[in-house]
Amino acid sequence: MKLSGLGLRCVRGEREVFSGLDVTAESGRAVAITGPNGAGKTSLLRLLAGLLAMAGGSISLEGGDPELTLPEQAHYLGHRDALKPALSVGENLSFWREFLGGGASGESVAAQALAAVGLDHVAHLPAAYLSAGQRRRLSIARLLAVKR
């Protein structure tokens, strides 16, 4: 797969964050996005994931399903964990599987995802009890439990 953004322009509020930006990310390759605070790194990632509207430019996904939107084919794992502290580890993962359309046989897939990140033994605990590293691993389990 290859994700390409050409001539990207991002405006947040009334401020132009960036414009004329080209970026390419291919399967099996890493892309490093660097810059000072406020330069638009997170905005770029959210734009590429389809979570922000572009003010200009185009994004294409080669090798993807042409019937699906980009957000339906991509995960976004930001710096904040999207977890509900009062829900258990298993309930948090079940919520995201249902919300993101994880499909049938969710319990076995969820259990496998938790085992893969070493959290199967704490599936019953509230997410509030998790350390920062465990919270991050639970977020990664979401990527494993819902294929994109």
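Of the residues ALA145, ALA74, the single one that is farther than 30 Å from CYS10 by Cα and either of a type in the set (Gly, Ala, Ser) or open to solvent by 70 Å² or more (accessible area, probe 1.4 Å) (or both) is ALA145. A Cβ distance below 7 Å, combined with a sequence gap of six or more or placement on separate chains, defines the contacts here; from the stretch 72-93, residues that are under 22 Å from LEU51 (Cβ atoms) reach residues that are of a type in the set (D, E, K, R) and open to solvent by less than 30 Å² (accessible area, probe 1.4 Å) in the pairs LEU93/ARG142. In the stretch 104-133, the residues that are without any contact (Cβ under 8 Å) to a residue 40 or more places away in the chain reach residues that are among the β-branched types (Val, Ile, Thr) and in a loop (DSSP other than H, G, I, E, B) with C-beta atoms within less than 9 angstrom, at least six apart or across chains, in these pairs: VAL109/VAL146; ALA113/VAL146. Once the stretch 127-139 is narrowed to residues that are among the hydrophobic types (A, V, I, L, M, F, W, C) and buried (at least 17 other Cβ atoms within 10 Å of the Cβ), the residue that is farthest from VAL109 (Cα to Cα) is LEU130.
From the list GLU26, GLU67, the lone residue that is farther than 18 Å from LEU144 by Cβ and in contact (Cβ under 8 Å) with a residue 12 or more places away in the chain is GLU26.
The condition of being aliphatic (A, V, I, L, M), within 22 Å of LEU130 (Cα to Cα) and in a loop (DSSP other than H, G, I, E, B) holds for only one of ALA39, ALA82, ALA115, that being ALA82.
The values are calculated or read from the model by the stated rules, or taken from the named source; none is laboratory data. As the structure is a computational prediction, the values presented were derived from the model and not from experiment. Reconstructed Cβ throughout: ideal geometry from the backbone, glycine too, with neighbour counts over all protein chains shown. Accessible surface is based on the protein model in full, side chains and every heavy atom, while ligands, DNA and RNA are left aside. Shrake-Rupley method; radii C 1.70, N 1.55, O 1.52, S 1.80 Å.
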